[in-house]
Structure formats: C-alpha cells, structure tokens
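This report refers to the structure that appears directly beneath it.
Computed from the coordinates by the stated procedures, all read-outs in this text should not be read as laboratory data. This is a predicted model, so every value here is computed, not measured. Heads up, the Cβs are rebuilt from the backbone with ideal geometry, glycines too, and the neighbour counts pull from every protein chain shown.
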C-alpha cells in the first residue's frame, strides 16, 4: 500500500515538473517575441507578458503551496504506519484535482471552474489531515 501512496506523490512531482517545462517554454517564447525583455527575468518583472505566461508562472508557484501540505501528510502517514486504501484514494483524488486545476489555470483559465476545483482540493486535503490526526491520536 505504501508504494501506491508514493505513486501519488510521484504524480504530483511529475505535475510540478511538467508545469515548470511549460512555464519555461512560454517565457522563452515571450522573450523571443519581445513581449518581455530577457533582463526582466533578473527581477521577474514580467509586465507586458501575456496572461498565459503569467498564469503558468503562478501555477508553478501554486505547486509549492497546497501540494506541499499533501506531501507532508504522506510523510506522516508513512512514518506512523497508517497507510491504507483510504489514504491512497484520497491522495489520488487530491492529485487528480491538482492536475485538473492546472489544466484550467494554464488553459482557458475560467476563474469560477478553477476556484471550484481548488476548493474541492482543499476539502480533500482537510479530510486527509483530519483522518491523519484522528488515527494518530488513536494509536
């Protein structure tokens, strides 16, 4: 069961890496098209960059926010020997929601849809942490 839980973490790391590559490609293209100067990257002042460039950068930053709480929960789950099917399913749902959120954010960026998916991810995260707390206290 631990291996399945680690696969969900790997899937999150893969998502972060994919977004990083997309972000880099979009930033390089924007610089080549003279939307932003190469010097702008010294201070990350991306004024003038397209919404896609900015959104992809913000999405990359997002991968180091809620997903880090998930990764920390997995470390606790593994350390305490609490891995079970429920945690694996909740983890898979959380990571799937992160992929969905990313597709919206760096795609058509419909705010209402993106926010709903984000809230669902937050709910799943809270379920993971509440369950982790309860099981840890009952040990």
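Quick notes on this one:
- Angle in degrees between helix 2-32 and the longest Cα principal axis of the chain, rounded to the nearest 10: 10 degrees
- Among 83, 102, sorting on how many other beta-carbon atoms sit within 10 Å of each Cβ, with the fewest leading, yields 83, 102.
- Each residue in 13, 88 was given a count of other beta-carbon atoms within 10 angstrom of its own, and listing them fewest first yields 13, 88.
- Counting neighbouring Cβ atoms within 10 Å and putting the fewest first, the residues 99, 70 line up as 99, 70.
- On Cα atoms only, tilt of 111-138 relative to the major axis of the chain in degrees: 30 degrees
- Angle between the chain longest axis and helix 51-62 axis [Cα atoms, degrees, rounded to 10]: 30 degrees
- In nm, spacing of pseudo-spin labels at residue 25 and residue 45 (7 Å Cα→C-beta vector): 3.0 nm
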